Every structure is written in C-alpha cells, then in structure tokens.
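Input: a single structure, listed below in structure tokens.
The values are calculated or read from the model by the stated rules, or taken from the named source; none is laboratory data. Predicted, not measured: the structure shown is a model, and the values here were computed from it. Neighbour counts are summed over all protein chains in view; Cβ atoms, including those assigned to glycine, are modelled from backbone coordinates with ideal geometry. Surface areas here come from the heavy atoms of the whole protein model, side chains and all, with no ligands, DNA or RNA. Shrake-Rupley method; radii C 1.70, N 1.55, O 1.52, S 1.80 Å.
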Amino acid sequence: MFKKFIQKRLERVVKRYFRKKKIKLVVVTGSVGKTSTKMAIATVLGEKYAVRVHDGNHNTHMSAPLAMLGIEYPENVHSISAWIAVWRAAGIRMRQKDDVEVVVQELGTDQPGDIAHFGKYLRPDIAVVTAVSPEHMEFFETIDAVAKEELAVASFSRLTIINRDDISQEYAKYADTHDIDTYGLQDGAEYRLVLKPSSPLEGRIGQLIAPEWGELPVNLQTIGEQGAKAATAAAVVGAKLGLTSQEVAVGLSKIRPVKGRMNVLRGLKNSTLIDDTYNASPLAVKAALDTLYAIDTVQRIAILGSMNELGASSAQAHEQIGKLCDAAKLDWVITIGSEAEKLLAPAAAGNGCQVKSFASPYQAGGFAHSVLKPGAVVLAKGSQNGVFAEEALKVLLHETEEEASLVRQSPYWLKRKSEQFSLEPTVE
C-alpha cells in the first residue's frame, strides 16, 4: 500500500514537471541495449543541449520518475524520512529555473502492461525501441507478447524510432502510430550505418546514411554491432532534435561503452578483457560472440553464464548459444551456472569445443587464469543473479584498481555475492 501511494505521487509530480517545464523527453525501451543506447543518445545530444540522464538502469515505475527529475533514489525505500527528503527535493526542482533542455530516460518492463503504464503520465517527444527478443519469459510466454509490450511505447510518443535489425517487420502491427522511423546496420533502414571492415578493438570508421545529410563520415570508439546500433539510434535522435551533421559526428566520436556492456579492460599477461557482464539474452550473447570471433588473437576464451528469465524457451536458447560456440575460433568455453552447464556446455562440446563448467564465477575466473596465454582475448557474458560473471573477470584484471570499472561492486552487491559464493578463486 505504501509503495503504491509513493508510486502514484511520483507519477503526478513527473507529469506536472514536464507540463510546466519546456523540456523535451526521449525514452528508450527494448529487450536489450537500453542503457547503452540511452547513454549514446545523451552523449550526442550533449553537443547542443543540456541533458539529464542517469548513468545506471533506473527504469522501473519507482525509480524512473526520480531519474527523470534528477533526484537520487532512496537507499531505504521503506524510510518515511527518506521520502520526505525526496518530496522536498522535488519541490525545489519544480520551482527552480530549468537546468536541462532534454531528459533521456530508459523504461523497463518485468511483466505485461508495464510499458503502457508509463503512458499514463508521460508524453515523450521521441521513443527509441532497441530490440525484441526473449525476456522475462515466465511472464510473457511468447515473443509476440514481448513485441506487443515493448512497442506499446509508440501509442503515447510523438515519434517512434525502431531498430529494424532486431525487430521483425511482422511486429509493426503492435506499434500504434504512423510516426515511425527505422535505424540499423542492414539494408532497408531509413537511417543506416555502414562500417568499414576492421578489428573491433581498433574503433570503427564508416558512413552514416541519413535523409538529412546523405552520407556522413563517422568514427566510433565502441566495439561490436550492439555499440554501433546504439550510436546509430543516437544519430537519429540527434537529427530529429535539430543537431547539425557536424554536431552529430562529433557526438558519435565521444560515445564510450557503459560498464558491463562490451567494455574493454586490460587483463593479466597483456590480455584483453571484454566485459559484457551486466546481463545476458540470446540476442546479446550472439552479438558478443560475433565480436570476439572477429578479433585476431593468439587465444579466445568465452566465459558464458546462464541466461535467466527465459521461461519455457530457456533450454532451446541455451542449446542454440552452445551451438554458436565454434571450436575453430574458441580455445575455451567456460560456463557459470546450472543452466549453462546442463544445456549450453554439452552443445558447445558437441561442436568440438574445450569446455569447463563451474557453479561459481570465482572458480570460473580462476580456471581462466590458469589457461590464459599472453595476448589472449577473454569475453565474459552472463545474467546477474546466480551468475555474476563480472567476478570471473575480477580474477583476470591487470590491476585491482580497475575493479571499479566492473558492474555491481557496491557494498550491497558484494554482500549478496559473498553470501552466494565462496570469494576464494579456484586456480587449476
């Protein structure tokens, strides 16, 4: 009852805030890539506007309103005094002169109806939908239900921008609007990024094809297709909000990976660590593996954790990822978690891969340490709860100071991990 009261009051405050202030709102939904896309958009828009964006993933009905207002989410959500402080901060925000011109916010969903609920108090100027792929399948059950949920944002947004690469055209029927633009890396998208062949670790050079500018030369410092797609979405939003081609090009060059999302770190023995540990879904794991395969190196190691919240599709999804593990391109497949061990590992072994499975990320990191060759490239990918693949990378970092570059390193998360796993790595 207390939570419902707080949520409704937050929604009323945010609705009044955007009604009173002349601030544009850009929202991001989708099964994967929301935070990276949100931060890419904020980076590009920063070339012209004062932008408010929360660098975490505060995207629920309780946390998103505070992120949009620029107010910290209370550590103790049950504390009345903490919420009194929130209301006081909200009142100050409402009265003070506008300090931003654009708010960029991601909207998350855990069950059907969550996205539509945001439409009760938000009227975004632009909505970006990044992907439709399996998520929270214990609640959605079918991919069609996921598509209907994510595209519900179109019904209450002035313009919707859709990733054509990762959203099938058959789901267009769920976008209740005629104001749609598309982006992607493949033919058919209205805004398309064409990248020149190169090693993913060297940055990417290419051409952004856009109706406003024709072909625009761009230089990206992200790796992998997912980073390129996030940058393309950011370019579209920039174009729609009046940025010049030069402002967009400069903004794109400033985009950097977000923690735990294809972030490159320095490892032991002059190795390269690709930290994609924030979460995992079949689409994102495939994209991460494709990036790893494109890197020329003496040794490739994939640390793959179980993918959570896939419901009835879990077995098939894990087996499909296992079959994507190519023995010609991977020296080791190291799994974390029971689903990965039972389903992904046998499929990878069936492809001829060397596979080792562990229940603990510390054990997985310890084993990776024991087989690591100088100059190797290690990819780590997995869902959070029960996996926490970032802890496997912690064992492989060149310097302990870089632990701050990993996700979920707050006292709260470290306590949760210590309660679940032994913190002592196993080196074989």
query = Checking residue 75 against (1) among the acidic types (Asp, Glu); (2) crowded, with 17+ Cβ neighbours inside 10 Å; (3) over 30 Å from residue 161 (Cα atoms), which single condition isn't satisfied?
reply = (2)
remark   = Per the list (1) open to solvent by 10 Å² or more (accessible area, probe 1.4 Å); (2) within 16 Å of residue 113 (Cβ to Cβ), residue check on residue 182 breaks on (2)
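Yes or no: the range 37-59 includes at least one residue that is farther than 30 Å from residue 250 by Cα and either surrounded by 19 or more Cβ atoms within 10 Å (Cβ to Cβ) or among the acidic types (Asp, Glu) (or both). Talk me through it step by step, then tell me what you get.
Of the range 37-59, the ones farther than 30 Å from residue 250 by Cα are none.
Scanning the range 37-59 turns up no residue that is farther than 30 Å from residue 250 by Cα and either surrounded by 19 or more Cβ atoms within 10 Å (Cβ to Cβ) or among the acidic types (Asp, Glu) (or both).
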note = Quick count over the range 224-242, residues being touching a residue at least 60 places away in the same chain (Cβ under 8 Å) and either open to solvent by 10 Å² or more (accessible area, probe 1.4 Å) or basic (Lys, Arg) (or both), is 7
remark   = In the set 400, 426, 335, the lone residue that is among the polar types (S, T, N, Q) and modelled with pLDDT of 95 or more is 335
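What is the residue count in the range 13-35 for residues that are touching a Ser or Thr at 6+ places or on another chain (Cβ under 8 Å) and either among the polar types (S, T, N, Q) or surrounded by fewer than 20 Cβ atoms within 10 Å (Cβ to Cβ) (or both)?
Of the residues in the range 13-35, 2 are touching a Ser or Thr at 6+ places or on another chain (Cβ under 8 Å) and either among the polar types (S, T, N, Q) or surrounded by fewer than 20 Cβ atoms within 10 Å (Cβ to Cβ) (or both).
Here is a yes/no grid of residues against (1) free of Cβ contacts under 8 Å to residues at least 24 places away in the same chain; (2) part of a strand (DSSP E or B); (3) within 29 Å of residue 142 (Cα to Cα):
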position: 6; (1), (2), (3): no, no, no
position: 19; (1), (2), (3): yes, no, no
position: 37; (1), (2), (3): no, no, yes
position: 41; (1), (2), (3): no, no, no
position: 59; (1), (2), (3): no, no, yes
request  = Collect the residues in the range 260-297 that are in a loop (DSSP other than H, G, I, E, B), touching a helix residue (DSSP H, G or I) at 6+ places or on another chain (Cβ under 8 Å) and more than 14 Å from residue 381 (Cβ to Cβ), keeping them in residue-number order.
outcome  = 294, 295
request  = Look at residue 142 and say whether it is free of Cβ contacts under 8 Å to residues at least 60 places away in the same chain and buried (at least 16 other Cβ atoms within 10 Å of the Cβ).
outcome  = no
remark   = For the range 248-263, the count of residues that are crowded, with 18+ Cβ neighbours inside 10 Å, more than 13 Å from the chain's Cα centre (by Cα) and in contact (Cβ under 8 Å) with a residue 60 or more places away in the chain equals 4
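In contact with a Pro (Cβ under 9 Å, 6 or more places away or on another chain) and more than 30 Å from residue 379 (Cα to Cα): does that describe residue 190?
It is true that residue 190 is in contact with a Pro (Cβ under 9 Å, 6 or more places away or on another chain) and more than 30 Å from residue 379 (Cα to Cα).
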request  = Could you tell me which numbered condition residue 299 fails, if it satisfies all but one of (1) modelled with pLDDT of 95 or more; (2) open to solvent by 20 Å² or more (accessible area, probe 1.4 Å); (3) not hydrophobic (A, V, I, L, M, F, W, C)?
outcome  = (2)
message = Looking at 93, 123, 192, 158, can you tell me which residue is in a helix (DSSP H, G or I) and over 20 Å from the mean Cα position of the chain (by Cα)?
response = 93
inquiry  = Name the single residue that is surrounded by the fewest Cβ atoms within 10 Å (Cβ to Cβ) among those in the range 153-171 being in contact (Cβ under 8 Å) with a residue 40 or more places away in the chain and out of contact with any Leu (no Cβ under 9 Å at 6 or more places or on another chain).
reply    = 159
Pairs, first over 19 Å from residue 382 (Cα atoms) in the range 406-426, second open to solvent by 40 Å² or more (accessible area, probe 1.4 Å) and at pLDDT 90 or above, C-beta under 8 Å, six or more apart = 426/363
message = Among (1) at positive phi; (2) open to solvent by 10 Å² or more (accessible area, probe 1.4 Å), there is one condition residue 398 misses while meeting the rest; what is its number?
response = (1)
ask   = Of the numbered conditions (1) more than 16 Å from residue 28 (Cβ to Cβ); (2) open to solvent by 40 Å² or more (accessible area, probe 1.4 Å), residue 123 satisfies every one except a single condition; which is it?
value = (1)
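Identify all residues within the range 194-207 that are touching a strand residue (DSSP E or B) at 6+ places or on another chain (Cβ under 7 Å) and closer than 27 Å to residue 285 by Cβ; write none if there are none. Break it down into steps so the answer makes sense when it comes.
Going residue by residue through the range 194-207, those that are touching a strand residue (DSSP E or B) at 6+ places or on another chain (Cβ under 7 Å) are 194-196, 198, 201, 203-207.
194, 195, 196, 198, 201, 203, 204, 205, 206 - these are the residues of the range 194-207 that are touching a strand residue (DSSP E or B) at 6+ places or on another chain (Cβ under 7 Å) and closer than 27 Å to residue 285 by Cβ.
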